[in-house]
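Colleague: Provided herewith is a single structure, encoded as structure tokens, for subsequent inquiry.
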Amino acid sequence: MKQSNAVRDRLDPTAASDGVSLESLRWEAIGPKTRALIEEAVGVIGVVAAADPVDIDVEALNALSPEMIEKRVKEIEKTLSRRLSRMRSDPRFIALGERLEALKRRAEEGLLSSIDFLKALLVQARETTEQERAYGIEPIDEVELRKGALTELFLESRSPQTPDIIRRLVDRIDEVVRAITGDFSGWQETHSGKKRVEKAVLDILLSFQLHGDGELREKVHAYIRSNY
């Protein structure tokens, strides 16, 4: 599909000479409605009205780089999986869960292109939001979900630290890791990415005198690798 002049002009690489990355320009170029739809799906912004139609600018999505498409696919897939896993025994959501697994299998088998997988995930994310709102189910707060899981790891380790100190420790880990990984798509698959995150977490554990528990460190690293 040919890009319109408007989209092509917004993606002109010469615009990056002012210090704005081409990737940032690509993100801006998809337009506010499609951008909001993607951000909603990964929990970046609040849920918009469920009555709004799924409005996907196909041409603009096709203008995204493969790296950005892959990043958004991973984010939305992970968020959807978490949202549906908490309702896996609820018959009202079983069909949505099964559909997500079918989509993931088709993508893994090469039957869906990355862009088609992204489009399908966006549609399913909106439908899941509509179901949650229809049945009065509170949306997941992704940040609090991750922090809660990290807190459980420290509590299970029988750490000598008080709950208040653990809360501050978890807040610090979450803040630092999100700052490192926010724009680092696929960091888990690179040596430098893993080392950077592991060093940051070790420094935090050291400051809280919890660096000596190797088993706890590995559990924290494993959780971060899977959820950030």
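We did not get these values from a lab; they are worked out from the coordinates using the rules stated. Note that the structure is a prediction, hence the values are computed from the model and not measured. Heads up, the Cβs are rebuilt from the backbone with ideal geometry, glycines too, and the neighbour counts pull from every protein chain shown.
Colleague: What does the charge dipole of region 142-227 about its Cα centre add up to, to the nearest 20 debye, if the Cβ of each Lys and Arg holds +1 and the Cβ of each Asp and Glu holds -1?
Modeller: Working: 14 positive and 15 negative charges, 39 e Å.
Once rounded to the nearest 20, the dipole reads 180 debye.
Colleague: Now, a different point. Can you put 159, 207 in order of Cβ neighbours within 10 angstrom, beginning with the fewest? Intermediate results must be reported in sequence, preceding the final value.
Modeller: On the way: 159 18, 207 11.
Result, fewest neighbours first: 207, 159.
Colleague: Which value, in debye to the nearest 20, gives the size of the charge dipole of region 50-200 about its Cα centre, when Lys and Arg are +1 and Asp and Glu are -1 at the Cβ?
Modeller: On the way: 27 positive and 30 negative charges, 128 e Å.
That gives a dipole near 620 debye.
Colleague: Also: Tell me the chymotrypsin sites (Phe, Trp or Tyr not before Pro) within region 134-199 that lie in a loop according to DSSP and have at most 16 other beta-carbon atoms within 10 Å. Intermediate values should be presented prior to the final figure.
Modeller: Numbers: sites: 135, 154, 184, 187; in loops: 135, 184.
Taking region 134-199 and a limit of 16 other Cβ atoms within 10 Å, the loop chymotrypsin sites (Phe, Trp or Tyr not before Pro) found are 135, 184.
Colleague: Taking only Cα atoms of region 142-227, what ratio of Rg to Rh do you get with Rh as the Kirkwood inverse-distance radius? Could the numbers behind the result be given before it?
Modeller: Working: Rg = 12.2 Å, Rh = 13.0 Å.
For region 142-227, the value is 0.94.
Colleague: Pop out the ³J(HN,Hα) list for region 108-118 in order, Karplus 6.51 cos²θ - 1.76 cosθ + 1.60 with θ = phi - 60°, rounded to Hz; leave Gly and Pro as x.
Modeller: Values per residue, Gly and Pro as x: 5, 7, x, 8, 10, 6, 4, 5, 5, 5, 4 Hz.
Colleague: Once the Cβ-Cβ distance between residue 164 and residue 85 is put in as r, and R0 is 25 Å, what FRET efficiency do you end up with, to the nearest 0.05?
Modeller: Working: r = 30 Å, r/R0 = 1.20.
Plugging the Cβ-Cβ distance into 1/(1 + (r/R0)^6) gives 0.25.
Colleague: Would you be so kind as to identify which of 190, 205, 160 lies farthest towards the positive end of the dipole of region 142-227, taking Lys and Arg as +1 and Asp and Glu as -1 on Cβ and the Cα centre as origin?
Modeller: Most positive-ward Cα: 190.
Colleague: Now a separate question. For residue 156 paired with residue 208, estimate the spin-label separation in nm (one decimal), with each label point 7 Å from Cα along the Cα-to-Cβ line.
Modeller: Modelled inter-label distance: 1.6 nm.
Colleague: Which entries of 104/199; 74/147; 78/195; 71/195 show an alpha-carbon separation above 31 angstrom in the structure shown?
Modeller: Details: 104/199 33 Å; 74/147 20 Å; 78/195 23 Å; 71/195 20 Å.
From the list (104/199; 74/147; 78/195; 71/195), the Cα-Cα distance tops 31 Å for 104/199.
Colleague: What GluC sites (Glu not before Pro) in region 81-155 are in a loop by DSSP, with at most 11 other Cβ atoms within 10 Å of the Cβ? Display every interim value, and only then the final one.
Modeller: Values: sites: 98, 101, 108, 109, 127, 130, 132, 142, 144, 152; in loops: 109.
Sites meeting the loop and neighbour criteria: 109.
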